[in-house]
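See structure below.
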Number of protein chains: 4
Amino acid sequence: MRMTVNIAVAGASGYAGGELLRLLLTHPGVEIGALTAASSAGTKLGVHQPHLVPLADRVLVETTPETLAGHDVVFLALPHGHSAEIAAQLGPDVLVVDLGADHRLADAGDWQRWYGGDHAGQWPYGLPELPGARERLAGTKRIAVPGCFPTGGSLALAPAFAAGLIEPDVTIVAVTGTSGAGKSLKPHLLGSEVMGSASAYGVGGAHRHTPEFAQNLSAVAGEKVTVSFTPVLAPMPRGILTTATAPLKDGVDEAAARAAYEKAYDAEPFVQLLPAGAWPTTAATLGSNNTQLQVTVDADARRLVVVAAIDNLTKGTAGGAVQSMNLALGLPETTGLPTVGVAP
Amino acid sequence: MRMTVNIAVAGASGYAGGELLRLLLTHPGVEIGALTAASSAGTKLGVHQPHLVPLADRVLVETTPETLAGHDVVFLALPHGHSAEIAAQLGPDVLVVDLGADHRLADAGDWQRWYGGDHAGQWPYGLPELPGARERLAGTKRIAVPGCFPTGGSLALAPAFAAGLIEPDVTIVAVTGTSGAGKSLKPHLLGSEVMGSASAYGVGGAHRHTPEFAQNLSAVAGEKVTVSFTPVLAPMPRGILTTATAPLKDGVDEAAARAAYEKAYDAEPFVQLLPAGAWPTTAATLGSNNTQLQVTVDADARRLVVVAAIDNLTKGTAGGAVQSMNLALGLPETTGLPTVGVAP
Amino acid sequence: MRMTVNIAVAGASGYAGGELLRLLLTHPGVEIGALTAASSAGTKLGVHQPHLVPLADRVLVETTPETLAGHDVVFLALPHGHSAEIAAQLGPDVLVVDLGADHRLADAGDWQRWYGGDHAGQWPYGLPELPGARERLAGTKRIAVPGCFPTGGSLALAPAFAAGLIEPDVTIVAVTGTSGAGKSLKPHLLGSEVMGSASAYGVGGAHRHTPEFAQNLSAVAGEKVTVSFTPVLAPMPRGILTTATAPLKDGVDEAAARAAYEKAYDAEPFVQLLPAGAWPTTAATLGSNNTQLQVTVDADARRLVVVAAIDNLTKGTAGGAVQSMNLALGLPETTGLPTVGVAP
Amino acid sequence: MRMTVNIAVAGASGYAGGELLRLLLTHPGVEIGALTAASSAGTKLGVHQPHLVPLADRVLVETTPETLAGHDVVFLALPHGHSAEIAAQLGPDVLVVDLGADHRLADAGDWQRWYGGDHAGQWPYGLPELPGARERLAGTKRIAVPGCFPTGGSLALAPAFAAGLIEPDVTIVAVTGTSGAGKSLKPHLLGSEVMGSASAYGVGGAHRHTPEFAQNLSAVAGEKVTVSFTPVLAPMPRGILTTATAPLKDGVDEAAARAAYEKAYDAEPFVQLLPAGAWPTTAATLGSNNTQLQVTVDADARRLVVVAAIDNLTKGTAGGAVQSMNLALGLPETTGLPTVGVAP
């Protein structure tokens, strides 16, 4: 590794790619190399990402192994199913960070059921706050960046499973901003449709992030965790607010719940358990790599309820990717990552 | 009853009062009488409700038994705890429709726990789609209008309990627009705070609508139903999107679930079970008295999942109130109530 | 004409078509006939317009002279340049209401410059509040519905020109919701791009509505009016807020300005000059056929300033179309048109 | 001055104060000292600004000369009329940066007319991009931070006046997000009122920023400039989109206009003249200190039209303040100021 890490971003015209570049522009010791795209190749980045002023005149090149070659780190912000082939051609010495789903799931059957096609294998999972994750990320050359929903939901419930507070039957409803769907030209993503409206999708266990939740939480729980997951689209560009609940085990009370979350997160640089009585807002995390959360016990319903806020593009995608890259490169984990949100 | 029903609205400067007047303005055979307010008494309605053009020059008078006297119907859109005393002074022949919470709960202990103070007793509950409700509303002189969340959540789950599809342990997460909080001058309701942000509140069983959900669903289920309820504030003025889930009883499948909902709602004028595969949006219900919903079975998690959209101010408040008034007065139930939303 | 007017809507899957149907559903004595579309032909209307519940199961047919034949009234909500040919085949006895631009401009040169192709000729212009418009609309079989911006801007400034208050050199900046752009799948109309953002377009006299403003205002002024027009896209689904200013003629003061607007609009059913000191909001007009406006004099800058709010889809498109249809059919002008907005 | 500049922020619980702290947290060589407030004194900053995670546990103290004493730099984000007295007690060696209006206007008569009370005198004006501003700011101990609207409007038109392109009779319509109004508990700023709505205010030359525009532009023009200014509130938390037009002088064409703006801004670190044909969006500037603008000539109306986007809280308030502080302290002007926005 040189003193300055040279980085390529494949998929630089999209939302995930743009957020990566926003963060990398303030990351010390990083040099931004090739920016690649599909149909936008040949155009300037400024056309697609006018907020990335210092890179406005950079010309997008086509996404090929050749344009991506010669970089220390390659971020792949590509549609699902495109990463494995390109990664194979980049060689084992390049750090490949896959923001797509290709290498998240351990189980080939799960992959085939939810995404179709051949399973590309599992890479170290880029959610450092999960037990054992930092060890797996240190020095790795391959990182699977988590999905945005599993990031919020796993951070919301992992401490409860780690401390044995809840039964393995969780219900997660996550309200998301529209950028999670990418820059896709679909009617239901038009501003006219989205503003003033809330709507659910992928209901009834149909969303592809469902097995990823289950994989993460089952690993922490040490038993199979059943996940009922419903994503809700809300009229905001960014942010995920996750509400996660599960039946309490006998004898668990508010104090025990709070203690478990304090223990889990007191030393985490990017997770804030809010003071008792304060509840997170997605606005407070905007543009930051933070997860803000709160936990409580519903004594009547005998359920644990956790609410967690993240920025889906930062902690939920590009920020999580950079955080994991830092670990893989041996840099301080927080390098280049904001802990301050942009509000109001 | 005269040919034209004379109506007073107490709390005409607020959101619920404004929505009532919007609906009453197109209700045939209704005459809008006194409009009352608290601190806004003496000002013109147009200052507070510029969208109610035909009533712009009406002057608000103080909310007293005297100003409300002499009307056939009095709607009370007042803060909780103010309805009982006024209703007592209006006499038994006046139809009093209480949009507040005072007369919703049957149990005095529940009332004291959730609202404090003396229990004012229970009135016929204005959700005509619930079993037996129409009978109780016909000819009544007192109506307790449901809370906006229990309207959506009860309609979402009542058919499942009626058909014996689910266990009595439900989880409800409801995303709401800001008008549900009324025209309250609180920092977290400022546009700058709300836009671009989702946030939960009243988490962990702390929201006052929790016992109302439980009361409604338990009555249908014929057993005590436990409710875990979390409201989420989203950046939209109107609308509630309810996601309700519960464990399936053995042997229940998608077809059985769909059949139960078709049976429950096929004849309902204001409830639409959407075609299979379509999911509701709050935008489609805006300004209408409709509930649009969809039901599915999560076979992996063995849960029923229902998503229901309403306009919190229309079906969730003022529309539900007018619908119940129609029943009480012996008018056709749908009189004056839009079944067409305003979209996009 | 039969007692019930039979109506076809071409372009029923779009925003203008949807709004037309919303209004026609409450229009007494109207029967909704063929609903046509282009690529959506063969699908149910409910897929595209879930808010139009009573028409959810209607199947869209292709837009052809045959499917449109046999109706008393045909509304054409089609892309620019498609109306003339279809209208020619519908015969002279059918009332054809063109919501496109094809028949708005008198001058063939203007048409060619701004839209290209052959000029289809001018039809009676459907803005009844303009001087002489009602006479031209009465009994007509052809109506050109105004553009949404010229509706707001012409109503804002016509009284000032009629009363000789201002110089013929106007500046108009109009903030619009996104539905004005239709259901177009363009990146800049995505919710993620629109929310939290304001942006201008068609700047510097490039917007096609510019000659329409000039035509309307010049006719009232009796001299050529120069128009500097800038549209601004704002994060809301509906609404146009027009700010229009022009230099005052000598001696004109606030009282004269107000008097001119009172005179012009006191008898208009759909235009409200607000009480002095109150300023319009687009929210107050949502879903109604109203124009709410206010006028003032900037004594320092010696300019008249008028601010006008409309709903771009109602008064600005479909409501204006129905209002003009009423006049053409000899019905009361206000039939089926809401004067009450949906707020908040 | 020590190596590390010690900074106090008066008004730390508000939007301007919060944005200042957001920027100062990433400003190298700055130490954040006292954070003061009025009614919120005694509470933790995290209650009011949950996005400022590193300062969450800081306790707000009362705003007094004593709590502000002992700092190298004091930012005053206070209501208008409160700065002069406090500044007087801070001593001449402290750098006082006034984010209020107290020291912006040169003319005592203007001050009295627009704000009332005694004129506190004029301080060097913190808009470095204006001619001569940097010289006046270098080494100063007193800075008057411009109003948010005059920031956008002055940057939009100064080059045109400097190059003699336009007549001194300008029309400015500026669309603003709600945070410009501060965290004020006023009904029209509630989310329910703001979302889905555009509205003008301070119309007809009534907004207090009008004389500030005139002062800035007259200084550049070398003659009295008349300003017609209309602010429009739009449903977004942040951002100002300024549309500014003025009559062209004879012979001025697009090329001349573009050349003047290129000359003015090519070397400016925080102003971007976009490529021809691209128009600014407020979203692209969110959270950055950038001004993005575009200029064109309306050949028909013979007017120059400039559109400029800023973040009202960053370049329009706190970012402009830090930029000017940097100049006053002799630091590189861009220190601690983002040139990359947060989008989408």
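Of all residues in segment D:216-259, which are touching a strand residue (DSSP E or B) at 6+ places or on another chain (Cβ under 8 Å), in a helix (DSSP H, G or I) and of a type in the set (A, V, I, L, M, F, W, C)?
Scanning segment D:216-259 gives D:217, D:257.
Which of the residues that make up segment D:108-140 are out of contact with any helix residue (DSSP H, G or I) (no Cβ under 9 Å at 6 or more places or on another chain) and either at positive phi or surrounded by fewer than 17 Cβ atoms within 10 Å (Cβ to Cβ) (or both)?
D:108, D:109, D:112, D:116, D:135
Select from segment C:220-255 the residues that are among the aliphatic types (A, V, I, L, M) and either surrounded by fewer than 18 Cβ atoms within 10 Å (Cβ to Cβ) or at the interface with another protein chain (Cβ under 9 Å from one of its Cβ atoms) (or both) and list them in ascending order.
Correct list: C:227, C:232, C:233, C:234, C:236, C:240, C:241, C:255.
In this structure, is residue A:4 hydroxyl-bearing (Ser, Thr, Tyr), touching a residue at least 40 places away in the same chain (Cβ under 8 Å) and over 26 Å from residue A:312 (Cβ atoms)?
Taking the combined requirement at face value, the residue does not satisfy it.
Filter segment B:151-179 for residues that are buried (at least 24 other Cβ atoms within 10 Å of the Cβ) and on the phi > 0 side of the Ramachandran plot and give the result.
none
Here are D:180, D:164: which of them is over 22 Å from residue C:304 (Cα atoms), more than 24 Å from the chain's Cα centre (by Cα) and either at pLDDT 95 or above or part of a helix (DSSP H, G or I) (or both)?
Details: D:180 fails: more than 24 Å from the chain's Cα centre (by Cα).
Checking each option against the conditions leaves just D:164.
Using the structure shown, decide if residue B:166 is in contact with a Lys or Arg (Cβ under 7 Å, 6 or more places away or on another chain) and β-branched (Val, Ile, Thr).
In short, yes.
Return yes when residue D:64 is at pLDDT 95 or above and farther than 28 Å from residue D:311 by Cα and no when it is not.
Considered against the rule, which asks whether it is at pLDDT 95 or above and farther than 28 Å from residue D:311 by Cα, residue D:64 comes out as yes.
Against the condition more than 30 Å from residue B:254 (Cβ to Cβ), within 14 Å of chain D (Cβ to nearest Cβ) and of a type in the set (Val, Ile, Thr), how does residue B:178 come out, does it pass?
yes
Please tell me if residue B:71 is at pLDDT 95 or above and either crowded, with 24+ Cβ neighbours inside 10 Å or farther than 24 Å from residue B:342 by Cα (or both).
Against the criterion (at pLDDT 95 or above and either crowded, with 24+ Cβ neighbours inside 10 Å or farther than 24 Å from residue B:342 by Cα (or both)), residue B:71 qualifies.
Can you tell me which residue is nearest to residue B:15 (Cα to Cα) among those in segment B:108-139 that are among the small types (Gly, Ala, Ser) and part of a loop (DSSP other than H, G, I, E, B)?
Among them, the one singled out is B:126.
Out of the residues in segment A:317-344 meeting the condition of being of a type in the set (Gly, Ala, Ser) and within 14 Å of chain D (Cβ to nearest Cβ), tell me which one is farthest from residue B:232 (Cα to Cα).
By that ranking, first place goes to A:336.
Quick one: in segment B:285-297, of everything that is within 8 Å of chain A (Cβ to nearest Cβ) and surrounded by 24 or more Cβ atoms within 10 Å (Cβ to Cβ), which residue is nearest to residue C:50 (Cα to Cα)?
B:286
Going by the structure shown, is residue A:280 over 15 Å from residue B:230 (Cα atoms), of a type outside the set (A, V, I, L, M) and modelled with pLDDT of 95 or more?
no
Please find, among A:204, A:222, A:182, the residue that is in contact with a Ser or Thr (Cβ under 8 Å, 6 or more places away or on another chain), on the phi > 0 side of the Ramachandran plot and not β-branched (Val, Ile, Thr).
Answer to the selection: A:204.
How many residues does segment A:183-201 hold that are at pLDDT 95 or above and either among the polar types (S, T, N, Q) or within 19 Å of residue A:213 (Cβ to Cβ) (or both)?
5
Based on what the data block shows, is residue B:46 within 10 Å of chain C (Cβ to nearest Cβ), assigned to a helix (DSSP H, G or I) and modelled with pLDDT of 95 or more?
Spelling it out, residue B:46 is indeed within 10 Å of chain C (Cβ to nearest Cβ), assigned to a helix (DSSP H, G or I) and modelled with pLDDT of 95 or more.
Could you please tell me which pairs satisfy a Cβ distance under 8 Å, a separation of 6+ or placement on different chains, a first residue in segment B:243-264 that is of a type in the set (D, E, K, R), and a second residue that is part of a strand (DSSP E or B)?
Filtered contacts from segment B:243-264: B:249/B:166; B:253/B:297; B:254/B:296; B:254/B:297; B:258/B:273; B:258/B:295; B:262/B:273.
Select from segment B:1-37 the residues that are away from every other protein chain (no Cβ under 14 Å), surrounded by fewer than 20 Cβ atoms within 10 Å (Cβ to Cβ), in a loop (DSSP other than H, G, I, E, B) and in contact with a Gly (Cβ under 9 Å, 6 or more places away or on another chain) and list them in ascending order.
B:1, B:3, B:4, B:29
Just the residues that are in contact with a Gly (Cβ under 8 Å, 6 or more places away or on another chain) and at negative phi, please, taken from segment D:190-201. Working first, answer last.
Initial filter on segment D:190-201 (in contact with a Gly (Cβ under 8 Å, 6 or more places away or on another chain)): D:190-198.
D:190, D:191, D:192, D:193, D:194, D:195, D:197, D:198 - these are the residues of segment D:190-201 that are in contact with a Gly (Cβ under 8 Å, 6 or more places away or on another chain) and at negative phi.
Going by the conditions given, is residue B:282 more than 30 Å from residue C:17 (Cβ to Cβ), in contact with a Lys or Arg (Cβ under 9 Å, 6 or more places away or on another chain) and buried (at least 24 other Cβ atoms within 10 Å of the Cβ)?
So residue B:282 fails the test.
Tell me which residues, restricted to segment A:259-307, are farther than 19 Å from residue D:46 by Cα and out of contact with any helix residue (DSSP H, G or I) (no Cβ under 6 Å at 6 or more places or on another chain).
Correct list: A:259, A:263, A:296, A:298, A:299, A:300, A:301, A:302, A:303, A:305.
Would you say residue C:340 is crowded, with 19+ Cβ neighbours inside 10 Å, touching a residue at least 24 places away in the same chain (Cβ under 8 Å) and within 26 Å of residue B:45 (Cα to Cα)?
yes
From the list D:151, D:140, exactly one residue is in contact (Cβ under 8 Å) with a residue 60 or more places away in the chain, of a type in the set (Ser, Thr, Tyr) and closer than 22 Å to residue D:310 by Cα. Which is it?
D:151
For segment C:266-284, name all the residues that are among the small types (Gly, Ala, Ser), in contact (Cβ under 8 Å) with a residue 12 or more places away in the chain and more than 10 Å from chain D (Cβ to nearest Cβ). So that I can check it myself, show each step before the final result.
First, pick out the residues of segment C:266-284 that are among the small types (Gly, Ala, Ser): C:267, C:276-278, C:283-284.
Next cut, in contact (Cβ under 8 Å) with a residue 12 or more places away in the chain only: C:276, C:278, C:283-284.
Hits for segment C:266-284 are C:276, C:278.
Output the number of residues of segment C:74-107 satisfying the condition of being among the acidic types (Asp, Glu), surrounded by fewer than 24 Cβ atoms within 10 Å (Cβ to Cβ) and not in a loop (DSSP other than H, G, I, E, B). Walk me through how you get there before you give the answer.
Keep residues of segment C:74-107 that are among the acidic types (Asp, Glu), which gives C:85, C:93, C:98, C:102, C:107.
From the residues that got through so far, the ones that are surrounded by fewer than 24 Cβ atoms within 10 Å (Cβ to Cβ) too are C:85, C:93, C:107.
From what is left, the residues that are not in a loop (DSSP other than H, G, I, E, B) are C:85.
Of the residues in segment C:74-107, 1 are among the acidic types (Asp, Glu), surrounded by fewer than 24 Cβ atoms within 10 Å (Cβ to Cβ) and not in a loop (DSSP other than H, G, I, E, B).
More than 21 Å from residue A:344 (Cα to Cα), among the aliphatic types (A, V, I, L, M), at pLDDT 95 or above and crowded, with 24+ Cβ neighbours inside 10 Å: which single residue out of D:271, D:305 fits that description?
The unique qualifying residue is D:305.
Please specify each residue of segment C:183-203 satisfying the condition of being more than 7 Å from every other protein chain (Cβ to nearest Cβ) and either crowded, with 21+ Cβ neighbours inside 10 Å or assigned to a helix (DSSP H, G or I) (or both).
Within segment C:183-203, C:188 is the sole residue that qualifies.
The values are calculated or read from the model by the stated rules, or taken from the named source; none is laboratory data. Just so you know, these numbers come straight off a predicted model, no measurement behind them. Cβ: placed from backbone, ideal geometry, glycine included. Neighbour counts: every protein chain shown.
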